[in-house]
Every structure is written in C-alpha cells, then in structure tokens.
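Remarks on the structure that follows.
Coordinate-derived values only; no laboratory data. Fair warning: this is a prediction, and the values are worked out from it, not measured in the lab. Cβ placement follows ideal geometry from the backbone for every residue including glycine, while neighbour counts extend to all protein chains displayed.
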Amino acid sequence: MSYGNPIKSAARRRALELQLVRYDPHVACINGHMSERYTKHDTCIQCLTEWRQKHKNELGDLSNQWQKRNRAHMREYHRQWREKNAERWQELMEKSAAQRRKNKQKKNANLINNTNKEN
Ligand SMILES: [Zn+2]
C-alpha cells in the first residue's frame with residue numbers, strides 16, 4: 001500500500017482541483033486493481049478495503065484501546081453536550097425509552113409465539 005504518491009496524474013490533479021474525495025485514475029494500482037482512489041493520498045480503495053479486512057482484528061483492538069483511552073474524554077464531551085442540548089437530550093431519552101418499551105413488547109410477543117409453537 002502506498003501513501004502520498006508525489007506524482008500527480010492529470011486525473012488526480014483535476015480531482016484535487018474539484019476537491020473530490022475519490023477519483024478514477026483509469027489505471028491499475030500496484031496490485032492490479034482497477035479501482036477508484038482517494039484523491040488526498042492516492043490510495044487504491046480496493047487495496048485499502050482488503051488491507052482493512054486482513055487487519056480487522058488488530059484494528060478492532062486498536063479501536064478498543066483508543067476508546068479506553070478516550071473514555072473520560074468522551075464522557076466529558078457527552079456531559080457537555082447534554083448540558084448544552086438539555087431539551088434535545090430529554091427528547092432523545094423519551095424516544096429511546098419508547099423504543100425500548102416497544103422492543104420489549106415485541107420480544108414478549110415473540111416469546112409467547114415461540115412457546116406456543118414448541119408446545
Ligand atoms: Zn489496489
């Protein structure tokens with residue numbers, strides 16, 4: 001995988017001008033994909049997808065570590081958001097409580113149905 005290709009093709013220069021996130025280089029990448037690339041660092045999207053899949057477990061761990069490190073930060077962030085958006089927060093809480101009630105009823109209904117089927 002190559003990041004930050006210093007050579008800018010005409011297609012990429014144009015994409016940069018148009019501030020596109022991705023562009024079609026019309027040439028195969030180093031691994032032979034005829035895939036779109038991210039304009040910013042000229043990374044083949046197919047390569048990136050495959051790399052991500054290959055390293056999914058490690059990336060998952062990294063993301064967990066990040067979350068752990070940032071938990072305090074996120075908590076603070078949410079607290080401030082709730083203070084700033086007290087009404088919206090109340091609204092969201094009521095909505096999710098209603099949703100939970102609905103799900104619970106659904107679950108119970110399913111349980112009853114399943115029990116009837118088993119008997
Ligand atoms: Zn590729």
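What to note about this one:
- The Cβ shell under 9 Å around Asp42 holds other residues with a net charge of +4, Lys and Arg each +1, Asp and Glu each -1.
- Here the 3J(HN,Hα) profile of the range 26-39, calculated from phi with Karplus coefficients 6.51, -1.76 and 1.60 at θ = phi - 60°, is 6, 9, 6, 7, 4, 9, x, 7, 9, 10, 5, 10, 6, 4 Hz, Gly and Pro shown as x.
- Label-to-label distance, nm, for residues given as Ile30 and Met93 (7 Å Cα→Cβ offset): 5.2 nm
- Considering all C-alpha pairs of the chain, those separated by over 26 Å amount to 60%.
- Formal net charge of residues neighbouring Pro25 (Cβ-Cβ distance under 13 Å; K, R +1; D, E -1): +3
- Distance between the modelled labels on Gln53 and Lys102, one decimal in nanometres: 3.5 nm (7 Å Cα→Cβ projection).
- Low-density loop positions, trypsin sites (Lys or Arg not before Pro), the range 5-73 - DSSP coil, at most 16 other Cβ in 10 Å: Lys8, Lys40
- Relative to the longest principal axis of the Cα atoms of the chain, the long axis of helix 86-118 lies at roughly 70 degrees.
- Under a 5 Å amide H cut-off, with hydrogens placed 1.01 Å from N, Thr43 pairs with Tyr38 among residues at least 5 apart or on other chains.
- Set of lysines near Lys95 by C-alpha distance (under 25 Å), chain-local residues within fewer than 8 positions excluded: Lys84, Lys104, Lys106, Lys107
- Selection from Leu20, Thr39, Ala109, by position along the positive dipole direction of the chain (Cβ): Ala109
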